[in-house]
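Heads up, the thing below is written out as structure tokens.
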Amino acid sequence: MTISDFRIFPPERMETEFPWIIWAVGWLALLKAFIWLAYEPVEPGNTLQLMAYKNLLNIMPLVIFGSGIWNLRKWAVLGILIVAVGNLIFFIVNPQTLNAVMVHSEVRLYTMILSSVTLLCNGPIGDLLILCAAPSMLKHTKQ
């Protein structure tokens, strides 16, 4: 596989034989890169600024590594693992930012569903799932 074979959305990712874990982590990486643009938490300015810096720094690596994972590149798996560990460390060092990932509403069901989505796509749950998927991703990647 040469550099010209690298595609942002490789067509083989939609084939039934394509490993589902590779497919899912690639989509999770893209969702983690962009879903933060879709909600607006009500938090103090310094917390939002900290989250904005984290998210802005993560956009390009997550898009590149997500596409690299779909192209079955080992460097992309290693890169996404580094980003996931970095995000987990970020949430441990800055626990107040976890509240910015939660969605608050008067409707309890709405709060639970949307908070689950944001914790998965922009919070530590998605990062933990990426780390759990590491052995399977490394098994399926080529170079």
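For residue 16, the conditions (1) of a type in the set (Ser, Thr, Tyr); (2) in a helix (DSSP H, G or I); (3) surrounded by fewer than 13 Cβ atoms within 10 Å (Cβ to Cβ) all hold with the exception of (2). Of the residues screened, residue 52 is not one that is at pLDDT 90 or above, at negative phi and either part of a loop (DSSP other than H, G, I, E, B) or of a type outside the set (Phe, Trp, Tyr) (or both).
Only one of these is assigned to a helix (DSSP H, G or I), hydrophobic (A, V, I, L, M, F, W, C) and surrounded by fewer than 16 Cβ atoms within 10 Å (Cβ to Cβ): 81, 131, 119. Name it.
From the options 81, 131, 119, the qualifying one is 131.
Looking at this structure, is residue 67 within 13 Å of the chain's Cα centre (by Cα), closer than 20 Å to residue 10 by Cβ and in a helix (DSSP H, G or I)?
For residue 67, the condition - within 13 Å of the chain's Cα centre (by Cα), closer than 20 Å to residue 10 by Cβ and in a helix (DSSP H, G or I) - is met.
Screening the candidates 24, 76 for the property of being touching a Phe, Trp or Tyr at 6+ places or on another chain (Cβ under 9 Å) and closer than 24 Å to residue 140 by Cα yields one hit, 76.
The values are calculated or read from the model by the stated rules, or taken from the named source; none is laboratory data. Since the structure is predicted, the reported quantities are computational estimates derived from the model, not experimental observations. Cβ atoms come from the backbone with ideal geometry, glycine included; neighbour counts cover every protein chain shown.
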